[in-house]
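Input: a single structure, listed below in structure tokens.
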Amino acid sequence: MGPTRWRDLAVGALVAGVAGYLSVRVLYRWFPPITVWTGLSLLGVAAALAGWGCYVRAKIGHGEIGVGTDRLHPLAVARSVVIAKAAAWMGSVVFGWWVAVVAYLLPRRSTLRVAEQDTAGAVVAALCALGLVVAALWLQHCCRSPDDPQDNADPAPG
């Protein structure tokens, strides 16, 4: 299992955005109001992931990985990587969805009063989803061992 790449997440966001835009065009009239609070739960998850990433990074930096009372168990780090990968993918798909909603709302702000009211909440939700992606990639980065080779390193000839 390799690190999550931005390119893959961008493709996921693009696919979700296209599907989301087509869905919003058909279903927007039945949407509940989109408030600023709509996407803030994503920001809470992003903050938790970033905080856990800082904790893991500090433990790995001090060599406190292994079995013991005050050490971080290696399986906890492996599970953190899995959670980080899942959160990055989920954040990118949700980001694509909210960008699609914003793309639908922006041109209709002058003609639809509800579109004008929903735009701020959709923008905040998109930014929070982007924050989730960044926090998940940060956690994934923090779970790397200091001995890991760089991702961009050339493979050994031979």
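Give me the distance in nm between label points sitting 7 Å out from Cα along the Cα-to-Cβ direction at Val11 and Arg71, one decimal.
That separation, rounded to one decimal, is 3.9 nm.
Once you've got the GNM for the chain with C-alpha springs shorter than 10 Å, pick whichever of Ala129, Ala76, Ala88 has the biggest mean-square fluctuation.
Ranking Ala129, Ala76, Ala88 by mean-square fluctuation puts Ala76 first.
What shape does region 7-100 take by its C-alpha gyration tensor, where a ≥ b ≥ c are the square roots of the eigenvalues and a/c under 1.5 counts as rounded, a/b above b/c as prolate, and the rest as oblate?
Because a/c hits 1.5 or more and a/b exceeds b/c, region 7-100 counts as prolate.
Could you work out [θ]222 nm for the chain from helices alone, using -39500 (n - 2.57) per DSSP H run of at least four and dividing by all its residues? Round to the nearest 500 deg cm²/dmol.
Taken over the chain, the calculation gives -24000 deg cm²/dmol.
Given points 7 Å out from each Cα along the Cα-Cβ axis, report the Thr111 to Cys54 separation in nanometres with one decimal.
Rounded to a tenth, the inter-label distance reads 4.7 nm.
Thinking of the chain as a set of Cα atoms, what percent of all their pairs are more than 18 Å apart?
64
May I ask you to derive the relative contact order of the chain, considering only C-alpha pairs under 8 Å and at least 6 residues apart, and to give it as an integer percent?
That works out to 39 percent.
Give me the percent of the accessible area of region 1-108 that comes from carbon and sulfur atoms, probe 1.4 Å, all protein chains in place.
Within region 1-108, the accessible surface is 71 percent carbon and sulfur.
Rounded to whole Å, give me the distance from the Cα center of region 14-51 to that of region 72-86.
Distance between centres, Cα-based: 26 Å.
The values are calculated or read from the model by the stated rules, or taken from the named source; none is laboratory data. Treat the numbers as computed from the prediction; the structure is a model and nothing was measured. Note that each Cβ is placed from the backbone with ideal geometry, even for glycine, and that neighbours are counted across all protein chains shown. Ligands, DNA and RNA are excluded from the accessible area calculation, which covers all protein heavy atoms including side chains. Shrake-Rupley method; radii C 1.70, N 1.55, O 1.52, S 1.80 Å.
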